[in-house]
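Here's the structure we're looking at; comments come further down.
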Amino acid sequence: LNEPNRVEQVEIKYAQVVKQVDVQNLKRALWHTLNTEFPRESESDGVTDGVVGRTGRSDLKEIVQRLPESLDEQTLQDVSPPFVFICLLHLANEHSLSITGNQALDNLEVSRENQ
């Protein structure tokens, strides 16, 4: 039997400082950003909870660019794109958001249809 081919050892750089992110605060900021992106369909429907009646589309790049408006400086330093994506997945599950990719696979579209 021949010895199997060996793969070169690849050094993977990883964070060596533990970062603590308040996920609830990040989700709240993301939801606030999404609600400002999704306009109300009708102000006369009497709904004031900020969820029903909002429809629209936004993309992940726009959402991430607007996050500094809703987060403090320390949280912004600790937040990474994977944290934002994970929180966005949670919000999509909780609020029936749709997340779709584009052809170039360089951005995601977040949308909410009126239910």
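The values are calculated or read from the model by the stated rules, or taken from the named source; none is laboratory data. Since the model is a prediction, treat every value here as computed from it, not as a measurement. Here Cβ is always computed from backbone atoms with ideal geometry, including for glycine, and neighbour counts include all displayed protein chains. We work out accessible area using only protein heavy atoms, side chains counted, and drop any ligands, DNA or RNA first. Shrake-Rupley method; radii C 1.70, N 1.55, O 1.52, S 1.80 Å.
One residue stands out among those in the stretch 96-110 that are in a strand (DSSP E or B) and small (G, A, S): the one that is farthest from R57 (Cα to Cα), which is G101.
So that you can scan it fast, the table gives a plain yes or no per residue for (1) under 20 Å from T100 (Cα atoms); (2) at pLDDT 85 or above; (3) within 13 Å of the chain's Cα centre (by Cα):
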| position | (1), (2), (3) |
| --- | --- |
| D22 | no, yes, no |
| N25 | no, yes, yes |
| A29 | no, yes, yes |
| F38 | yes, no, no |
| E41 | no, no, no |
| D45 | no, no, no |
| T55 | yes, no, no |
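Evaluating H90 against the criteria (1) open to solvent by less than 70 Å² (accessible area, probe 1.4 Å); (2) at pLDDT 85 or above; (3) not hydroxyl-bearing (S, T, Y) leaves one unmet condition, (1).
For G101, indicate whether it is open to solvent by less than 100 Å² (accessible area, probe 1.4 Å), among the small types (G, A, S), within 30 Å of E113 (Cβ to Cβ) and at pLDDT below 85. Lay out the reasoning, then the answer.
Details: open to solvent by less than 100 Å² (accessible area, probe 1.4 Å): yes; among the small types (G, A, S): yes; within 30 Å of E113 (Cβ to Cβ): yes; at pLDDT below 85: no.
It is false that G101 is open to solvent by less than 100 Å² (accessible area, probe 1.4 Å), among the small types (G, A, S), within 30 Å of E113 (Cβ to Cβ) and at pLDDT below 85.
In the stretch 22-33, the residues that are under 15 Å from V110 (Cα atoms) reach residues that are surrounded by 17 or more Cβ atoms within 10 Å (Cβ to Cβ) and among the small types (G, A, S) with C-beta atoms within less than 9 angstrom, at least six apart or across chains, in these pairs: L30/S70; H32/S70; T33/S58; T33/S70.
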